[in-house]
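Everything on this sheet refers to the single structure shown next.
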Amino acid sequence: MGFTRTIEVIFKRFLPAPFTIAVLLTLTTLVLALLTTPAPAEGSHFLELLSYWERGIWNKDLLVFGYQMMLILVLGHILVLSAPMNRLIQGLTGLVSNTAQAVLLVSVSTLLVSFFNWGLGLIFGAIMARKVAEASTQRGFKINYPLVGAAGYCGLMIWHGGISGSAPLKVAESGHLQQIMAGISDTAVLAQLPDAIPGSATIFSWWNLLLFAILLILIPLVFIRLSKHAPHTEVHVRPYRLETTTQQAEGAAERLDASLWFGRAVGLLVLGTFLYQYGSQLLQLTLTPNMLNFFMLGMALLLHGSFNSFLAAVEEAIKGAAGILIQFPLYFGIMGIMAESGMVGRLRIL
């Protein structure tokens with residue numbers, strides 16, 4: 001625990017907040033653009049770059065991408081907060097009685113869930129690790145909690161090769177490649193780009209699935225090996241309840257909000273629409289961010305049942321998307337500077 005505390009102190013002292021890093025990257029890009037790109041014939045070079053930055057921040061296509069990524073994270077978190085997921089996690093952690101079993105369970109389950117959805121895997125792994133600690137507290141067996149916690153985040157090693165990976169999902173959208181390369185590549189290069197790259201060539205390609213299978217075996221084995229040499233201590237944590245609380249329904253409108261059959265019916269309606277709208281694309285192993293989020297929305301409504309439970313989970317989950325909401329526009333501004341000033345072309349030549 002002393003080593004863990006030392007690392008925490010170092011990061012807090014020398015690593016600023018992610019938003020601060022985004023601002024520093026923006027200023028660095030502005031300076032580099034001033035030094036490496038030609039000034040306009042008339043007017044201020046600096047003000048022109050600021051104009052590129054502002055247009056990049058409000059790039060509508062990039063804002064759509066940012067909102068899609070927020071939904072992937074938020075809807076994944078909402079799913080974890082549902083009662084069925086809580087029962088699943090409780091049942092799995094009941095099988096654990098030592099650190100080796102704990103890291104095996106947490107790492108394998110987190111990897112599998114993260115392959116499906118990185119937002120779901122990120123929260124699922126953290127809660128799985130916490131529930132293992134609760135089981136250790138209640139049943140009195142010793143574990144290495146930091147190692148179990150590390151296993152809960154191993155899904156970050158494979159998520160981008162999974163179904164919710166942002167790059168493979170976006171290139172599966174029609175016209176996305178030409179759109180992002182417009183203004184960067186010449187017409188001849190743009191004409192050679194495919195309209196879209198299906199998931200069968202990325203996520204579900206044999207080489208990507210093989211790599212995932214190797215990591216699914218190798219990562220848990222590494223954690224098990226580490227657990228044999230890690231110190232084991234007693235853990236004391238208070239229970240973390242996954243269920244969302246709802247108030248007693250009094251009026252007709254409140255009863256509708258709390259109705260399990262109504263919420264599940266809407267969830268089934270969303271899932272039915274998903275199959276109708278995207279069934280042919282699924283058969284072709286083509287996935288897009290909108291497809292994934294629409295499916296996750298239907299599943300979240302179905303598993304939570306009532307709108308009360310769903311909305312309470314939304315309020316809890318939305319906190320984790322604050323970084324995407326406020327930081328991504330700054331990154332879009334950086335892209336605006338690099339694309340419109342010609343920095344991208346110069347970097348490509350170098």
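The values are calculated or read from the model by the stated rules, or taken from the named source; none is laboratory data. Note that the structure is predicted; figures quoted are calculated from it, not measured. Cβ placement follows ideal geometry from the backbone for every residue including glycine, while neighbour counts extend to all protein chains displayed. Accessible surface areas use protein heavy atoms only, side chains included; no ligands, DNA or RNA. Shrake-Rupley method; radii C 1.70, N 1.55, O 1.52, S 1.80 Å.
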Legend entry - Degrees separating the helix 289-304 axis from the principal Cα axis of the chain, which is the longest one: 20
Inset, instruction - Report the calculated FRET efficiency for L15 and E315 (r = Cβ-Cβ distance, R0 = 25 Å), to the nearest 0.05. - result: 0.30
Inset, instruction - Return one number: the angle in degrees, 0 to 90 and rounded to the nearest 10, between the long axis of the Cα atoms of helix 322-341 and the longest principal axis of the Cα atoms of the chain. - result: 20
Legend entry - Additional length obtainable on full extension of the chain from E54 to V23, 0.36 nm per residue less Cα span: 9.8 nm
Inset, instruction - Kindly identify region 252-345 as rounded, prolate or oblate by the Cα gyration tensor criterion: order the square roots of the eigenvalues as a ≥ b ≥ c, call it rounded if a/c is under 1.5, otherwise compare a/b with b/c, prolate if a/b is larger, else oblate. - result: oblate
Inset, instruction - Would you check the accessible area of D61, probe 1.4 Å, heavy atoms only, in square angstrom rounded to 10? - result: 60
Inset, instruction - Can you pull the one-decimal nm distance between simple spin-label points at W207 and R255, each 7 Å off the Cα toward Cβ? - result: 6.1
Inset, instruction - Place the peptides 47-53, 148-154 in order of packing, highest mean first, counting for every residue the other Cβ atoms within 10 Å and averaging per peptide. - result: 148-154, 47-53
Inset, instruction - Relative to the longest principal axis of the C-alpha atoms of the chain, give the angle of the C-alpha long axis of helix 206-227, reported between 0 and 90° and rounded to the nearest 10°. - result: 50
Inset, instruction - Please state the charge dipole magnitude for the chain, taken about the Cα centre, from unit charges on C-beta atoms (+1 on K and R, -1 on D and E), reported in debye and rounded to the nearest 20. - result: 1260
Inset, instruction - Could you check which residue among R139, R13, R87 shows the biggest mean-square fluctuation in a GNM of the chain with a 10 Å Cα cutoff? - result: R13
Inset, instruction - Between S200, S280, S309, find the one with the highest GNM mean-square fluctuation for the chain; connect C-alpha pairs within less than 10 Å. - result: S280
Inset, instruction - Would you indicate which of (1) 1.02; (2) 1.16; (3) 1.19 is the value of Rg/Rh (Cα atoms, Kirkwood Rh) derived from the coordinates of this structure? - result: (1)
Inset, instruction - Go ahead and set up a Gaussian network model of the chain, Cα springs under 10 Å, then flag whichever of L297, L282, L104 fluctuates most. - result: L282
Legend entry - the chain, accessible area per residue, ligands and nucleic acids excluded (1.4 Å, Å²): 55
Inset, instruction - Report the FRET efficiency, 1/(1 + (r/R0)^6), for V222 and A41, where r is their Cβ-Cβ distance and R0 is 56 Å, rounded to 0.05. - result: 0.40
